[in-house]
Amino acid sequence: MKINRSRALSRRGFLTSAAVVAAGVRLIPRRLFAEGESPVNIIRGAAATAKINIQKVRGNISVLEGSGGNIAVLTGQDGKVLVDAGITASRPQLTDALSNLSSDPIKHLINTHWHFDHTDGNE
């Protein structure tokens, strides 16, 4: 089998081509590679102005809707138990909604899983 050497790329030719491509990539503005705004930041921004709806489920169990994942609340004589904590940006609205349920403090928090829309408000 005969190899056409005129079309084969020499090692020197390959390295030269690679250097030219690398130099060209360095000259491309970084903003072309910049990503759009993070989905997490978009959701946090929306949560900052979200209206929190209180849904009574039964007895002393309620669900707060509007801060990322839903938040279940059990009120009792010794305080509140929350299932998930929502998004930190909606803390003022959550605080108001929780005070509408009862004036008792939050005693326990249960996280169902690690996603930020369920755990961001843990602190």
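The values are calculated or read from the model by the stated rules, or taken from the named source; none is laboratory data. Everything numeric here is computed off the predicted structure, so don't read it as measured data. Reconstructed Cβ throughout: ideal geometry from the backbone, glycine too, with neighbour counts over all protein chains shown. Side chains included, ligands, DNA and RNA excluded: accessible areas come from the protein's heavy atoms. Shrake-Rupley method; radii C 1.70, N 1.55, O 1.52, S 1.80 Å.
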Exercise for review: Mind listing just one residue for me: the one in the stretch 101-123 that is loosely packed, with under 15 Cβ neighbours inside 10 Å and of a type in the set (Asp, Glu) and, of those, modelled with the highest pLDDT?
Suggested key: ASP104
Point to revise | Some residue of the stretch 59-71 being within 12 Å of HIS118 (Cα to Cα), open to solvent by less than 70 Å² (accessible area, probe 1.4 Å) and out of contact with any helix residue (DSSP H, G or I) (no Cβ under 9 Å at 6 or more places or on another chain) | key: yes
Review point. Within the stretch 41-64, is even one residue on the phi < 0 side of the Ramachandran plot, assigned to a helix (DSSP H, G or I) and among the polar types (S, T, N, Q)?
Key: yes
Practice item. Starting from the stretch 105-123, take each residue that is touching a residue at least 12 places away in the same chain (Cβ under 8 Å) and under 18 Å from ILE43 (Cα atoms) and list its partners that are of a type in the set (D, E, K, R) and part of a loop (DSSP other than H, G, I, E, B), counting only C-beta distances under 6 angstrom and pairs at least six apart or across chains. Key: HIS118/ASP84
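Yes/no matrix, rows are residues, columns are (1) loosely packed, with under 10 Cβ neighbours inside 10 Å; (2) modelled with pLDDT of 90 or more; (3) in contact with a Lys or Arg (Cβ under 8 Å, 6 or more places away or on another chain):
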{"residue": "ILE42", "(1), (2), (3)": "no, no, no"}
{"residue": "LYS51", "(1), (2), (3)": "no, yes, no"}
{"residue": "THR75", "(1), (2), (3)": "no, yes, no"}
{"residue": "LYS80", "(1), (2), (3)": "no, yes, yes"}
Point to revise | Selection count where residues are of a type outside the set (Ser, Thr, Tyr), under 12 Å from GLU65 (Cα atoms) and part of a helix (DSSP H, G or I), scope the stretch 78-97 | key: 3
Exercise for review: Report yes if ALA34 is part of a helix (DSSP H, G or I) and either within 21 Å of ALA89 (Cα to Cα) or modelled with pLDDT under 95 (or both), otherwise no.
Suggested key: no
